[in-house]
Amino acid sequence: MLDKSILKAVGQRLKKYRLLAGMTQKQLSEILGIGEQYYGQVERGVKKLSLEKLMFFCTCFQIPLDDIIRIDAKDEDDPIKLACISEISQLLIDCSREQLALIKSFVHNIDLL
């Protein structure tokens, strides 16, 4: 399970890009194919989007996936970071080869400095 602070940070980043695009929650939820109330909960960090929906969001806004899901913790012993890595690993299991190739390209383009 992801830490609530991570879900909240992801939700805030989603909101930032939505607002920059001048969109309402209703408009974006329709594009993503989810309920407006559910999307509102995602922005508040109560619910999470599937990897497929996150990738679609990033495709729509032409932004790297890392801009949404980046983990700021640099310490390898950080339990939050380790939990995120575990969660991401579980999400990757169901990805197609094409999705994995896209995710791999996103990861290679992450600025780790």
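Every number here is computed from the coordinates shown, using simple stated rules; none is lab data. Because the structure is a prediction, the values reported are computed rather than measured. Don't worry about glycine lacking a Cβ; one is built from the backbone with ideal geometry, like all the others, and counts go over all protein chains shown.
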Subject >> Estimated 222 nm signal from helices in the chain, with DSSP H stretches of n ≥ 4 weighted -39500 (n - 2.57), rounded to 500 >> reply: -19500 deg cm²/dmol
Subject >> Footprinting exposure proxy for I103, I110 (fewest neighbouring C-beta atoms within 10 Å first) >> reply: I110, I103
**OP:** Identify which of E98, E36, E52 has the largest mean-square fluctuation in a Gaussian network model of the chain, with springs joining Cα atoms closer than 10 Å.
**Re:** E98
**OP:** Would you tally the net charge around Y38, using a Cβ to Cβ cut-off of less than 15 Å, leaving Y38 out, and scoring K and R as +1, D and E as -1?
**Re:** +3
**OP:** Can you pull the one-decimal nm distance between simple spin-label points at S86 and K16, each 7 Å off the Cα toward Cβ?
**Re:** 2.8 nm
Original post:
Over 21 Å between Cα atoms, which of K4/K104; K15/K53; K15/K104; K26/K81 qualify?
Top reply: K4/K104; K15/K104; K26/K81
Original post:
What list of ³J(HN,Hα) values in whole Hz, one per residue of region 41-46 in order, does the Karplus curve 6.51 cos²θ - 1.76 cosθ + 1.60 (θ = phi - 60°) give from phi, with Gly and Pro shown as x?
Top reply: 5, 5, 5, 7, x, 8
Subject >> Among L19, L65, L54: highest mean-square fluctuation, GNM of the chain, C-alpha pairs under 10 Å >> reply: L19
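Which of D67, D94 comes first, and how do the rest follow, when ranked by fewest Cβ neighbours within 10 Å?
If I rank by nearby Cβ atoms, fewest first, I get D94, D67.
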Original post:
Hey, what do the phi angles of region 56-62 turn into as Karplus ³J(HN,Hα) couplings, whole Hz, using 6.51/-1.76/1.60 and θ = phi - 60°, x for Gly and Pro?
Top reply: 5, 4, 5, 5, 4, 8, 6
